[in-house]
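The values are calculated or read from the model by the stated rules, or taken from the named source; none is laboratory data. For clarity, every value in this text was computed on a predicted model and none was experimentally measured. Cβ coordinates were reconstructed from backbone atoms using ideal geometry, including for glycine residues, and neighbour counts include every protein chain displayed.
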Amino acid sequence: MRLEILGCSGGIGGERRTMALLLERHVLIDAGSGAGDLSLECIAAINHVFLTHCHLDHVAFLPLLCDATLGSRDGPLTVHALPETIAALKECVFNFKLWPDYTALPSPDQPYIVFEPVAVGETVRIGACGITPLPAKHAVPAVGYRLDSGSASLVYSGDTTLCDAFWQALDAMDNLTCLLIEATFLNANLDGAEISGHMTPELLAAGLRRLRGNPAIYVVHMEPGREAESMRQIGAVAAAFWPAMLNRGDVLEF
């Protein structure tokens, strides 16, 4: 299976785009600003969106994606997310104030968007891929996702600080080949990372040391302008795991 990296930064500026991953042609994982570079044809081909949590850098382009292709879909766009994420989007975004409520338009019986709640550990099958929410520990309710092609699994952490249940879930996988893991803050901001639910290089290294397998490690969601320093700090404490910086435009196959 093919995963295209539309955005993988912790912020914007220049070529940076926030989190958005395109699985094959029909599934979007998070809807950050990276999704805005897609053509209208590519947007119209997306049938499912899986959200890790409700923060703007992961959901901001969802209402715009919906609006761009209202007349180009055969059916509604299905948005999969935690119940708490769905509630936040309904209250704060799709409320006829910030944006039209596309769960009720053009009619409640035939809406432009359908929300489907997800739960940790419960797999959703989209074609040949099993997509399973994983535990995460963030400032708001959040999940990561396991994408399982059958022969291999790729995991995207979403936003999380060090979370025992997340690493335990990884160790239970028998076909994990690739891990996309956040490392938002520098080591000097450990307190901020723990309060806000993010990783530092040292926290990342502590998690990686729990892994029994040897997946490829890709770092995402670093602070804008601090990527080089973040990678230097990661290299100093986790070089044995060969972590690499993921870039917008990269393609991963699994």
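Take the range 219-232 and flag every residue that is surrounded by 20 or more Cβ atoms within 10 Å (Cβ to Cβ) and in a helix (DSSP H, G or I).
To start, the set of residues in the range 219-232 that are surrounded by 20 or more Cβ atoms within 10 Å (Cβ to Cβ) comprises 219-222, 230.
The one that is surrounded by 20 or more Cβ atoms within 10 Å (Cβ to Cβ) and in a helix (DSSP H, G or I): Ser230.
When you check Leu77 against the structure, is it touching a strand residue (DSSP E or B) at 6+ places or on another chain (Cβ under 6 Å) and either at pLDDT below 95 or more than 18 Å from Gly249 (Cβ to Cβ) (or both), yes or no? Working first, answer last.
Values: touching a strand residue (DSSP E or B) at 6+ places or on another chain (Cβ under 6 Å): yes; either at pLDDT below 95 or more than 18 Å from Gly249 (Cβ to Cβ) (or both): yes.
For Leu77, the condition - touching a strand residue (DSSP E or B) at 6+ places or on another chain (Cβ under 6 Å) and either at pLDDT below 95 or more than 18 Å from Gly249 (Cβ to Cβ) (or both) - is met.
Before we move on, is Gly213 out of contact with any Asp or Glu (no Cβ under 8 Å at 6 or more places or on another chain) and either of a type outside the set (A, V, I, L, M, F, W, C) or surrounded by fewer than 17 Cβ atoms within 10 Å (Cβ to Cβ) (or both)?
Numbers: out of contact with any Asp or Glu (no Cβ under 8 Å at 6 or more places or on another chain): no; either of a type outside the set (A, V, I, L, M, F, W, C) or surrounded by fewer than 17 Cβ atoms within 10 Å (Cβ to Cβ) (or both): yes.
No, not satisfied.
Where in the range 1-73 are the strands (runs of 3 or more DSSP E), entirely inside, with at least 3 residues that are of a type in the set (A, V, I, L, M, F, W, C) and under 23 Å from Pro135 (Cα atoms)?
Details: elements: 2-7, 20-23, 27-29, 48-50.
Ranges flagged: 20-23, 27-29.
Arg125 - would you say it is of a type outside the set (A, V, I, L, M, F, W, C) and at pLDDT 95 or above?
On the way: of a type outside the set (A, V, I, L, M, F, W, C): yes; at pLDDT 95 or above: yes.
Yes: the conditions hold for Arg125.
Go through the residues of the range 184-197 one by one and say whether even a single one is out of contact with any strand residue (DSSP E or B) (no Cβ under 9 Å at 6 or more places or on another chain), β-branched (Val, Ile, Thr) and over 30 Å from Cys66 (Cβ atoms).
Looking for residues that are out of contact with any strand residue (DSSP E or B) (no Cβ under 9 Å at 6 or more places or on another chain), β-branched (Val, Ile, Thr) and over 30 Å from Cys66 (Cβ atoms), one finds at least one in the range 184-197, hence yes.
Yes or no, residue by residue, for (1) crowded, with 18+ Cβ neighbours inside 10 Å; (2) over 25 Å from Leu246 (Cα atoms); (3) within 17 Å of the chain's Cα centre (by Cα):
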{"site": "Leu3", "(1), (2), (3)": "yes, no, yes"}
{"site": "Gly75", "(1), (2), (3)": "no, yes, no"}
{"site": "Thr85", "(1), (2), (3)": "yes, yes, yes"}
{"site": "Tyr102", "(1), (2), (3)": "yes, yes, no"}
{"site": "Asp109", "(1), (2), (3)": "no, yes, no"}
{"site": "Glu116", "(1), (2), (3)": "no, yes, yes"}
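Okay, residues lined up against (1) surrounded by fewer than 18 Cβ atoms within 10 Å (Cβ to Cβ); (2) more than 26 Å from Leu147 (Cα to Cα); (3) touching a residue at least 12 places away in the same chain (Cβ under 8 Å):
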| site | (1), (2), (3) |
| --- | --- |
| Arg16 | no, no, yes |
| Ile46 | no, no, yes |
| Cys54 | no, no, yes |
| Phe96 | yes, yes, no |
| Tyr112 | no, no, yes |
| Val120 | yes, no, yes |
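Within the range 162-186, can you find the residues that are in a helix (DSSP H, G or I) and either surrounded by 17 or more Cβ atoms within 10 Å (Cβ to Cβ) or hydroxyl-bearing (Ser, Thr, Tyr) (or both)? Break it down into steps so the answer makes sense when it comes.
Within the range 162-186, the first condition is being in a helix (DSSP H, G or I), and the residues that meet it are 164-171.
Matches in the range 162-186: Phe166, Trp167, Ala169, Leu170.
If a residue has to be within 16 Å of Ile46 (Cα to Cα), touching a residue at least 40 places away in the same chain (Cβ under 8 Å) and touching a Ser or Thr at 6+ places or on another chain (Cβ under 9 Å) to count, how many in the range 60-94 make the cut?
1
Does at least one position in the range 181-198 carry a residue that is under 16 Å from Phe166 (Cα atoms), free of Cβ contacts under 8 Å to residues at least 40 places away in the same chain and more than 17 Å from the chain's Cα centre (by Cα)?
For the range 181-198, residues under 16 Å from Phe166 (Cα atoms), free of Cβ contacts under 8 Å to residues at least 40 places away in the same chain and more than 17 Å from the chain's Cα centre (by Cα): present.
Please state which one of Asp148, Asp159, Asp250 is of a type in the set (D, E, K, R), under 16 Å from Ala20 (Cα atoms) and surrounded by 16 or more Cβ atoms within 10 Å (Cβ to Cβ).
Asp159
Say whether the condition of being under 18 Å from Asp57 (Cα atoms), in contact with a Leu (Cβ under 7 Å, 6 or more places away or on another chain) and among the β-branched types (Val, Ile, Thr) is met by at least one residue in the range 198-205.
no
Of the residues that sit in the range 188-218 and are among the charged types (D, E, K, R) and part of a loop (DSSP other than H, G, I, E, B), which one is modelled with the lowest pLDDT? Give the derivation first.
Filtering the range 188-218 down to residues among the charged types (D, E, K, R) leaves 191, 194, 202, 209-210, 212.
Filter once more, keeping what is part of a loop (DSSP other than H, G, I, E, B): 209-210, 212.
Numbers: Arg209: 97, Arg210: 95, Arg212: 90.
Filtering first and then ranking leaves Arg212.
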